[in-house]
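In what follows, a structure is listed as structure tokens, so that the remarks can point back to it.
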Amino acid sequence: MSRLRDLECPVVGAPMAGGVSTPSLVAAVSEAGGLGMLAAGYRTPEQLAADIADTEDRTRLPFGVNLFVPHRLDRAGLEPAVTAYREALLAVAEPLGVAPGEPVWGDTDHWADKVALVEAWAPPVVSCTFGVPEPEVVARWKSVGCEVHVTATSAAEALAAEAAGADVLILQGREAGAHRGTHDPQAAPEPIDHLGLLAGVAPGTDLPLVAAGGITTAGDVRRARDAGATAVQVGTALLLTPESGASPTYRAALRDPGLTERVVTRAFSGRPAGAGRNGFVDSFDAIAPPAFPVIDQLTKPVRAAAARSGDVHGIHIWAGVGWRACREVPAADVVRALADS
Ligand SMILES: Cc1cc2nc3c(=O)[nH]c(=O)nc-3n(C[C@H](O)[C@H](O)[C@H](O)COP(=O)(O)O)c2cc1C
């Protein structure tokens, strides 16, 4: 029996790496009756431990943590395109007074240490994106009582996650904000929405399913549940809440009437991600190689400088298809409105 069935509201607050899922947002989602999720991506183990302690100070209710599954990159094959990308990035970085980051080809996200940290902490839920953890890792987490959720963006990925021992499948559709969780970083994500994924996966599994991508209303939640989802996972709907860590420039971009299109692009990080189309996308989409997180490392200082200077055309505007429905209301209001069916 999944922990999701204990929730008062069948809503998981998406883990949003890059500072968006603050301890305050995670606690607010859990306090509202949903499940808050801390994002471990890009954090050091020490920072993650501090985030856990901070969140525990804010709520006694359960919350979980989300990890990025790392991939070994084909350095020799990708390096020429990464070097060319970095050179092109200089034209944007120099006027902002910063240098692009340097590529680092090893695991910069501390996978082994975070696996151990999760095992020692034993949260009620640990979720993964970008791949399937080794069955041995899944077994370690399960042995300490964690429920293991794995993101899938296709029926084949759902099968692989189930085979590795996942307890819950998160079915992320093409409508989703930010990175697609596609397991093969070189592959183009399948252009299937969460209802299509539910239709393909639900008949063949007994595992609880979480639907993600473009969910912003109680009607969306109802449709997902009618199609077999136990719960939904929402990110974009929480971006403008006061508890979100979205920067002022990101918030301004989400409301900017001049930005009208949303695309899926590798431009910012090397991984396909749903984002508002801006000048950065137009300049870098065509030349970004599939080298996550190396492209993320190169662009990070440039995006940070653009955010500081208020330039909506220099930042990643991670957004799902429902980005125009984002509301500036407390996270608890978002969670309760979604569950109000
Ligand atoms: C700003 C942002 C950051 C995200 N970071 C993560 C992450 O660290 N890990 C993860 O599994 N999913 C992440 N996601 C994707 C969400 O888990 C989820 O699939 C997505 O938000 C659902 O689509 P929606 O944004 O339309 O609600 C992120 C989404 C957003 C908007």
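The values are calculated or read from the model by the stated rules, or taken from the named source; none is laboratory data. Fair warning: this is a prediction, and the values are worked out from it, not measured in the lab. Note: accessible area is taken over every heavy atom of the protein model, side chains too, but ligands, DNA and RNA are not part of it. Shrake-Rupley method; radii C 1.70, N 1.55, O 1.52, S 1.80 Å.
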With the calculation restricted to Cα positions, what are the radius of gyration and Dmax of the stretch 1-138 in angstrom? 18.1, 55
If every alpha-carbon in the stretch 76-166 counts as one equal scatterer, what log10 I(q)/I(0) does Debye give at q = 0.23, 0.26 1/Å? -1.05, -1.25
In vacuum, with every alpha carbon of the stretch 160-259 counted as one equal point scatterer, what does the Debye formula give for log10 I(q)/I(0) at q = 0.13, 0.16, 0.17, 0.23 Å⁻¹? Two decimals, please. -0.54, -0.77, -0.85, -1.22
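Would you mind estimating how fast the stretch 36-77 diffuses translationally, via Stokes-Einstein at 37 °C and 0.692 mPa s with the Kirkwood radius over Cα pairs, in µm²/s?
Numbers: Rh = 12.0 Å.
Rounded, D is 274 µm²/s.
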Any number yet on Rg/Rh for the chain, C-alpha, Kirkwood? 0.94
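Using the heavy atoms of the protein chains and a 1.4 angstrom probe, tell me the accessible area per residue for the stretch 234-341 in square angstrom. Don't jump to the answer; show the numbers that get you there.
Values: 3880 Å² over 108 residues.
Roughly 36 Å² per residue, with all protein chains present.
Provide the percentage of antiparallel DSSP beta bridges, counting only those with both residues in the chain; round to the nearest 5.
Numbers: 7 of 34 bridges.
Around 20 percent of the beta bridges assigned by DSSP in the chain are antiparallel ones.
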Which value in deg cm²/dmol, rounded to the nearest 500, describes the helix-derived mean residue ellipticity at 222 nm for the chain, given -39,500 (n - 2.57) per DSSP H run of n ≥ 4 and division by the residue count? -11500 deg cm²/dmol
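Work out how much length W111 to R222 would gain on full extension: take 0.36 nm times their residue separation and subtract the Cα-Cα distance, in nm to one decimal.
Details: separation 111, 0.36 × 111 = 39.96 nm, distance 3.59 nm.
Extra length from W111 to R222 when fully extended: 36.4 nm.
How many percent of DSSP beta bridges within the stretch 186-341 run antiparallel, rounded to 5?
Details: 5 of 8 bridges.
Once the DSSP bridges in the stretch 186-341 are tallied, antiparallel ones form about 60 percent.
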Quantify, in whole percent, the carbon and sulfur part of the accessible surface of the chain (1.4 Å probe; protein heavy atoms only). 52
The stretch 88-209, accessible area per residue, ligands and nucleic acids excluded (1.4 Å, Å²): 39
Value of Rg to Rh for the stretch 82-223 (Rh from inverse mean 1/r over Cα pairs, i.e. Kirkwood): 1.06
Between V150, V138, V12, where does the largest GNM mean-square fluctuation fall for the chain, given springs only between Cα atoms within less than 10 Å? V138
With the radius of gyration and the Kirkwood radius both derived from the Cα set of the stretch 248-341, what is their ratio Rg to Rh? 1.03
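Go through R140, R3 and list them by solvent-accessible area, largest first, probe radius 1.4 Å.
Working: R140 75, R3 95 Å².
Putting R140, R3 in descending order of accessible area: R3, R140.
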